[in-house]
Amino acid sequence: MQFRCLPDALSAVLGQWSGDTLAVGLFAGSEERPEHPLRGELLKAVGAGLQQRLEQRRFKGKPGECLSFEQLEGTPRTLIVVGLGEPAGFDLDGLRAAAASVAQAAAAAGAEDLAVALPCEGFENDDAGRAIAEAVRLSLYNDQRFKSEQEPRPLPAMVSLIGLPASCAQALEAVSGTCAGVELARQLVAAPPNVVTPQHLADTAAALARDHGLELQILERDACEALGMGAYLGVAQGSDLPPKFIHLTYHPAGGAQRRVALVGKGLTFDSGGYNLKTGGSQIEMMKYDMGGSAAVLGAARAIGELKPAGVEVHVIVAACENMISGGAVHPGDILTASNGKTIEINNTDAEGRLTLADALVYACKLEPDAVVDLATLTGACVIALGSEIAGLWSSSDGLSQSLQAAAAAGGEALWPMPLRSSYKAGLKSPVADLKNTGPRPGGAITAALFLQDFVSKELPWAHLDIAGTVWCDKGRGLDPAGATGFGVRTLVNWICSGAPVAQQT
Ligand code: BES
Ligand code: MN
Ligand code: ZN
């Protein structure tokens, strides 16, 4: 799928354009407001008969409203009209939602050469172009890898963005790299746990290293033992599959002004261990417990393709499974992490933080300018924020703000959450330095506080709990039902804007 800009007004474009499907966005009530440019342009281009047809079909211009007029005479053959709601509330997310509906309707109509006219006046051209193009491509993602029979689903080969200047071309080029990263993350998350194993994550990292010239180190169990990673290896010890500690590095050409580490939780399956997950705990969905690792590997894929200057990026995943066996961790075991801290395992299902503890210690030893971890860490975060918003905990206001800006630019939602230090009392252990599980109330906060114990004090660090956002039961906006690839766009935008980390407060 290719994107290009057609800078002229809609009616002028239609004189030269020879595609099959045209999509136009209209605000609510625009029939009474002739000043709304696209409606006038549309009538000029398609003919006044359209006015009547819109009235016949009771088009109101509400957000999400989408009409297709197929088998028209001449060009376009298909006209799609999408509602945009009130102009006052129209933002980048509205633009994305409209572009996603348009893409669905266009694909359903068999569009091959699509032109999209959406109002971009209120936005920076690059932001608008990127938002539309990402929404079109990502909403048309379709994964049939595990079906024995493939349903053919032709996609538009060319998508023209009407009314955007040629200067957007560069921004549109970046879309393909970013979306390839999101798609990789979706594929990893959606694949079952008998396919995406720790070895498979390591193989994926190796393929990225080979294809994009990244540096790769895989630490096997003995190397992790030598580094004292007792928390991570404790989680891994119940599985028949060996753990794989993945460290992938992007070195920018011309040297780095900034070095960052991205750490992803990589539990390819989380049974809960001896604190076995029971009915209603979604054990059958715990293939997505590697969503953090999918996000950082997806970001690595995008970065490898986009090659941003000035930022060295370390991608770190302590991959393993949380299983049950005669050799699995007992509830009550005490493990020692690679920074020497001892941890009483009062719940084997709080395993993600144990793997992250050693991964964060490893990341901090690289002395980066910032560490960001992403993890499907707690059910409590799902309860707190639902499935559209990830929780954001950070020791640095500057890092928190720059991540929020990067997320907003990609249409991903983060919400700042507190690192309330008094809640650390909930992790006090009578026998070890700390225990891995606190009380149920505030469980996402104590999980973040647990992680903080494994991060160097002076280092700007952010933790994203993406337990609710990695999976979407029904399609929504640019996410089809299933894996969302959440986090990739935030990370890519943050790194491509120079990975800003303002002064720590
Ligand atoms: N992977 C889960 C968290 C999770 C739960 C993600 C539901 C997505 C949906 C994590 O390892 C876990 O089991 N957390 C426990 C922690 C508890 C034992 C303190 C939880 O949230 O119940
Ligand atoms: Mn668990
Ligand atoms: Zn887990």
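The values are calculated or read from the model by the stated rules, or taken from the named source; none is laboratory data. All values derive from a computational prediction rather than experimental measurement. Using ideal geometry, Cβ is built from the backbone for each residue, glycine included, and neighbour counts are taken over all protein chains shown.
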Extreme residue, nearest to Lys341 (Cα to Cα), among residues of segment 238-250 that are in contact with a Pro (Cβ under 9 Å, 6 or more places away or on another chain) and within 16 Å of ligand 3 (Cβ to nearest atom): Pro243
Residue identified as buried (at least 20 other Cβ atoms within 10 Å of the Cβ), assigned to a strand (DSSP E or B), among the hydrophobic types (A, V, I, L, M, F, W, C) and touching a residue at least 24 places away in the same chain (Cβ under 8 Å) among Leu216, Leu161: Leu161
Test: residue in segment 294-312 that is buried (at least 24 other Cβ atoms within 10 Å of the Cβ), in the same structural domain as Met229 (by TED's automatic domain parsing), within 16 Å of ligand 2 (Cβ to nearest atom) and of a type in the set (A, V, I, L, M): no
Filtered residues of segment 347-384 (kept if within 12 Å of ligand 1 (Cβ to nearest atom), in a helix (DSSP H, G or I) and surrounded by fewer than 24 Cβ atoms within 10 Å (Cβ to Cβ)): Gly379, Ala380, Val382, Ile383, Ala384
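Let's see how each residue does on (1) under 29 Å from Pro368 (Cβ atoms); (2) touching a strand residue (DSSP E or B) at 6+ places or on another chain (Cβ under 9 Å); (3) outside the structural domain of Glu344 (by TED's automatic domain parsing):
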site: Pro416; (1), (2), (3): yes, yes, no
site: Arg420; (1), (2), (3): yes, no, no
site: Ala425; (1), (2), (3): no, no, no
site: Lys428; (1), (2), (3): no, yes, no
site: Lys435; (1), (2), (3): yes, yes, no
site: Arg440; (1), (2), (3): no, no, no
site: Gly443; (1), (2), (3): yes, no, no
site: Ser456; (1), (2), (3): yes, yes, no
Failed condition for Leu43, given (1) touching a residue at least 24 places away in the same chain (Cβ under 8 Å); (2) not in a strand (DSSP E or B): (1)
Matching residues, segment 326-343, being of a type in the set (A, V, I, L, M, F, W, C) and either loosely packed, with under 15 Cβ neighbours inside 10 Å or over 33 Å from the mean Cα position of the chain (by Cα) (or both): Ile334
Residues that are buried (at least 22 other Cβ atoms within 10 Å of the Cβ) and among the hydrophobic types (A, V, I, L, M, F, W, C), drawn from segment 388-416: Ala390, Leu392, Trp393, Leu399, Leu403, Ala406, Ala407, Leu414
Residue in segment 61-71 that is closer than 28 Å to Asn142 by Cβ, more than 35 Å from the chain's Cα centre (by Cα) and part of a loop (DSSP other than H, G, I, E, B) present: yes
The listed residue being within 29 Å of Gln257 (Cβ to Cβ) and either within 16 Å of ligand 2 (Cβ to nearest atom) or at pLDDT 95 or above (or both), out of Ile316, Ile343: Ile316
Single residue of Ala253, Ala302 found to be farther than 17 Å from Thr204 by Cα, more than 14 Å from ligand 3 (Cβ to nearest atom) and either in a loop (DSSP other than H, G, I, E, B) or out of contact with any Phe, Trp or Tyr (no Cβ under 7 Å at 6 or more places or on another chain) (or both): Ala253
Pro418 being more than 24 Å from Trp494 (Cα to Cα) and assigned to a loop (DSSP other than H, G, I, E, B): no
Any hit, segment 219-230, residues being more than 14 Å from ligand 2 (Cβ to nearest atom) and farther than 26 Å from Gly340 by Cα: no
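Residues Ile283, Ile324, Ile345, Ile303: which one is among the hydrophobic types (A, V, I, L, M, F, W, C) and in contact with a strand residue (DSSP E or B) (Cβ under 6 Å, 6 or more places away or on another chain)?
Selected residue: Ile303, the only one of Ile283, Ile324, Ile345, Ile303 that is among the hydrophobic types (A, V, I, L, M, F, W, C) and in contact with a strand residue (DSSP E or B) (Cβ under 6 Å, 6 or more places away or on another chain).
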